[in-house]
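Participant: Handing you a structure now.
The values are calculated or read from the model by the stated rules, or taken from the named source; none is laboratory data. Computed from a prediction, not measured in an experiment: that's the story for all the values here. Note that we place each Cβ from the backbone using ideal geometry, even for glycine, and neighbour counts take in every protein chain shown.
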Amino acid sequence: MRLPLPQFSQNQRHPDHFAEVIETGTTEFLGQCLEPETLNFPAMPPFGCWVRSVDEESSNQIYAVVYHATTMPIDTIHRARALGMTIEELREEQPQIFAMLKTEFRAAIVGYRSPSRGTPVIYQHLPPRPPQIHQAVYRCNDEEVINFSEKLDFLRTLLQINNAPVDALCAAAMREIYQLRKADRTWLVNAGRNLSVLLRDDYDRLRVILSQIHP
């Protein structure tokens, strides 16, 4: 059963809203994490975690997997330097540090959820358009990830990402699904069979990927 996404007023932030699209393209987007309300660094999204944004013109919900994240100074001319302080000491003595850094991540688009014909449908291929710039980015909730992973075509997309450790990325994305599915052995066996076909029976790669998946 697919539940509707929760609705929030314009002035009320969705609790899973943690970033904003600052660069977008057909196959991926770059997100920047929102500044936390307390003196702290923005929470870096985990490698292989599931996120979504939106193409407002079509109302398509765009699903993606994070494959790279970084924290760096907002001022790209001057690099950060070691200060030898704990986080608590930074809060007390150098609070301005927290406003001088930004956390960004790249997420590969793996599919979308379309509201067409009244009943939402999930597609595991590239959407007609990616999310627009300055659109909100949300963490996917458990049910969204479970529903999306009923099919396994997204594995092919992950294996084709450039400039990413794709084997580790597949393992991380599958590991999260496997844990959310309460160690569903049937799902894991099916995923392993699909990977075997995609890897053209490269059993060494398959073994390494599957060895990183655990409940």
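Participant: Please specify each residue of the range 102-159 satisfying the condition of being under 21 Å from Pro46 (Cβ atoms) and β-branched (Val, Ile, Thr).
Facilitator: Thr103, Ile109, Val110, Val137, Val145, Ile146, Thr157
Participant: Only one of Val166, Val145, Val110, Val137 is farther than 23 Å from Ala19 by Cα and of a type in the set (A, V, I, L, M). Can you tell me which?
Facilitator: Every option except Val166 fails the conditions.
Participant: I would also like to ask the following. Please specify each residue of the range 87-132 satisfying the condition of being part of a loop (DSSP other than H, G, I, E, B), of a type in the set (A, V, I, L, M) and either farther than 23 Å from Asp75 by Cα or modelled with pLDDT of 95 or more (or both).
Facilitator: Within the range 87-132, just Leu126 meets the criteria.
Participant: Out of (1) of a type in the set (A, V, I, L, M, F, W, C); (2) assigned to a helix (DSSP H, G or I); (3) crowded, with 18+ Cβ neighbours inside 10 Å, what's the single condition that is false for Val208?
Facilitator: (3) is the only condition that Val208 fails.
Participant: Being touching a Phe, Trp or Tyr at 6+ places or on another chain (Cβ under 8 Å), in contact (Cβ under 8 Å) with a residue 60 or more places away in the chain and not assigned by TED's automatic domain parsing to the domain that holds Asn194, is that true of even one residue in the range 69-91?
Facilitator: No.
Participant: Answer yes or no: is there a residue in the range 201-212 that is closer than 24 Å to Phe18 by Cα and of a type in the set (Ser, Thr, Tyr).
Facilitator: The answer is no; no qualifying residue exists.
Participant: Take Gln94 and decide whether it is over 16 Å from the mean Cα position of the chain (by Cα) and either more than 30 Å from Asn194 (Cβ to Cβ) or not hydrophobic (A, V, I, L, M, F, W, C) (or both).
Facilitator: When the stated conditions are applied, Gln94 passes them.
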